[in-house]
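Chemist: Mind having a look at this structure? Questions to follow.
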Amino acid sequence: MAQSDQTQSGPKPRMPLWGKIVLTLSLVLNFAFAGLIGGVAARAGFDGTPLRAAISALPFDDQRDLRRDSRQALRESRQHPRSPLATHQMIESLQADEFDADQFIAALNEAQQHLINISNRMQNRLVARVAEMTPDERHAYAAQLQQRLQDRRRPEWWRGRSRD
């Protein structure tokens, strides 16, 4: 009798345990970094860090250009993912009977360096733009930045104290 035309599929291959661990650790680290960045922004005030305040004090067109550049930097960083060796070393240090703090720190430092590189790129673009300003534009920018930095101080009620 002829065999049916149905394709025979065997059991689907399962993800190995180490793959699940790597995936889980990657997700945990991504959430941790997102929380860290969110926490820094929340603690720094309404305009965030001094770099963010300096960018928000620029004229709208310059802010737009810097935001575009920031998105481009993030896209480029996704094209060059962090070293798989660093991720492997991080997991290896966690799974070892004796925790290797130096190995774990080195992997975390690589991830932190990634964020620093993006921040440095934004800082360099900001400095280049300010260097192009005329003295009058720079004075107006300084006044706007001074106002932004004063505004970024949170009111007492924001810190959990009463408004009284």
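The values are calculated or read from the model by the stated rules, or taken from the named source; none is laboratory data. The structure presented is a predicted model; accordingly, all values stated were derived computationally and were not measured. Virtual Cβ from ideal backbone geometry, glycine too; neighbours counted across all protein chains shown.
Chemist: Out of curiosity, is residue 163 part of a helix (DSSP H, G or I), at pLDDT below 85 and among the charged types (D, E, K, R)?
Modeler: Values: part of a helix (DSSP H, G or I): no; at pLDDT below 85: yes; among the charged types (D, E, K, R): yes.
No.
To keep it simple, each residue is scored yes or no on (1) among the small types (Gly, Ala, Ser); (2) within 21 Å of residue 63 (Cβ to Cβ).
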residue: 116; (1), (2): no, no
residue: 119; (1), (2): yes, yes
residue: 127; (1), (2): no, yes
residue: 138; (1), (2): no, yes
residue: 145; (1), (2): no, yes
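Chemist: Got at least one residue in the range 67-79 being within 17 Å of residue 21 (Cα to Cα) and in a helix (DSSP H, G or I)?
Modeler: There is no residue in the range 67-79 that is within 17 Å of residue 21 (Cα to Cα) and in a helix (DSSP H, G or I).
Chemist: Same structure, new question: Which count do you get for residues in the range 30-86 that are modelled with pLDDT under 75 and among the basic types (Lys, Arg)?
Modeler: Number satisfying all stated conditions: 3.
Chemist: If you check every pair at least six apart or on different chains, which have Cβ atoms under 6 Å apart with a residue in the range 73-100 that is over 18 Å from residue 28 (Cα atoms) and β-branched (Val, Ile, Thr) first and a residue that is at pLDDT below 80 and surrounded by fewer than 14 Cβ atoms within 10 Å (Cβ to Cβ) second?
Modeler: Once the first residue is over 18 Å from residue 28 (Cα atoms) and β-branched (Val, Ile, Thr) and sits in the range 73-100, no partner that is at pLDDT below 80 and surrounded by fewer than 14 Cβ atoms within 10 Å (Cβ to Cβ) comes close enough.
Chemist: Next up: Take residue 27 and tell me if it is more than 30 Å from residue 146 (Cα to Cα), part of a helix (DSSP H, G or I) and at pLDDT below 80. First the steps, then the outcome.
Modeler: Working: more than 30 Å from residue 146 (Cα to Cα): yes; part of a helix (DSSP H, G or I): yes; at pLDDT below 80: yes.
When the stated conditions are applied, residue 27 passes them.
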